[in-house]
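Enquirer: My structure is below; once you've seen it, I'll send some questions.
The values are calculated or read from the model by the stated rules, or taken from the named source; none is laboratory data. Worth saying up front: this structure is predicted, and the values here are computed from it rather than measured. When we count neighbours, we look across all protein chains shown, and the Cβ atoms used for this are built from the backbone with ideal geometry, even at glycine.
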Amino acid sequence: MNKKLNTVFFLIGATAMNLAILLLLSSMLGLIMGFIYRMLGIDSRGLSLLAVLIVLIGSIAGTFFLYSRIIRWIVKRWNLGSYIEPLFRPQRRKGY
């Protein structure tokens with residue numbers, strides 16, 4: 001296999017992992033928030049909307065943090081830098 005095909009497979013796998021982490025974190029935060037609501041007996045629509053926003057933003061931020069750490073570890077652990085092609089290359093500047 002060539003580097004471009006390896007890169008495509010890596011991106012597909014990484015995207016699937018990213019979505020799985022997002023679903024896992026959002027469901028965990030949702031369950032925790034639901035448990036807190038039941039424990040405190042909160043029955044407000046405004047606070048429910050705030051809780052949903054906290055769950056969404058928290059899960060996105062947590063996913064970004066975990067995904068970047070895991071991908072960095074995977075690339076370093078299996079030395080994938082030599083098997084996949086960089087997505088963004090520095091562009092050469094033309095003289096002015």
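Enquirer: Could you list, in sequence order, the residues of segment 7-57 that are in contact with a Gly (Cβ under 9 Å, 6 or more places away or on another chain) and either polar (S, T, N, Q) or outside any helix (DSSP H, G or I) (or both)?
Expert: The answer is SER26, and nothing else.
Enquirer: Out of the residues in segment 27-54 that are modelled with pLDDT under 95 and either touching a Leu at 6+ places or on another chain (Cβ under 7 Å) or of a type in the set (Ser, Thr, Tyr) (or both), state the one that is farthest from ALA16 (Cα to Cα).
Expert: Applying the filter and picking the extreme gives SER44.
Enquirer: Can you find, within segment 53-95, the residue that is farthest from VAL8 (Cα to Cα) among those that are of a type in the set (Lys, Arg) and surrounded by fewer than 10 Cβ atoms within 10 Å (Cβ to Cβ)? Spell out how you get there, then give the answer.
Expert: Start the filter on segment 53-95 by keeping residues that are of a type in the set (Lys, Arg), which leaves 69, 72, 76-77, 89, 92-94.
Subsequent filtering for residues that are surrounded by fewer than 10 Cβ atoms within 10 Å (Cβ to Cβ) retains 77, 89, 92-94.
Numbers: ARG77: 19, ARG89: 16, ARG92: 25, ARG93: 28, LYS94: 31 Å.
Result: LYS94.
Enquirer: When segment 58-96 is examined, which residues are found to be of a type in the set (Gly, Ala, Ser), farther than 21 Å from MET1 by Cα and assigned to a helix (DSSP H, G or I)? It would help to see each step written out before you state the result.
Expert: So in segment 58-96, the residues of a type in the set (Gly, Ala, Ser) come out as 58-59, 61-62, 68, 81-82, 95.
From the residues that got through so far, the ones that are farther than 21 Å from MET1 by Cα too are 58-59, 61-62, 68, 95.
Residues satisfying the conditions are GLY58, SER59, ALA61, GLY62, SER68.
Enquirer: Another one. Starting from segment 1-22, take each residue that is free of Cβ contacts under 8 Å to residues at least 24 places away in the same chain and hydrophobic (A, V, I, L, M, F, W, C) and list its partners that are surrounded by 15 or more Cβ atoms within 10 Å (Cβ to Cβ) and part of a helix (DSSP H, G or I), counting only C-beta distances under 8 angstrom and pairs at least six apart or across chains.
Expert: Close Cβ pairs (under 8 Å, with a partner that is surrounded by 15 or more Cβ atoms within 10 Å (Cβ to Cβ) and part of a helix (DSSP H, G or I)) do not exist here.
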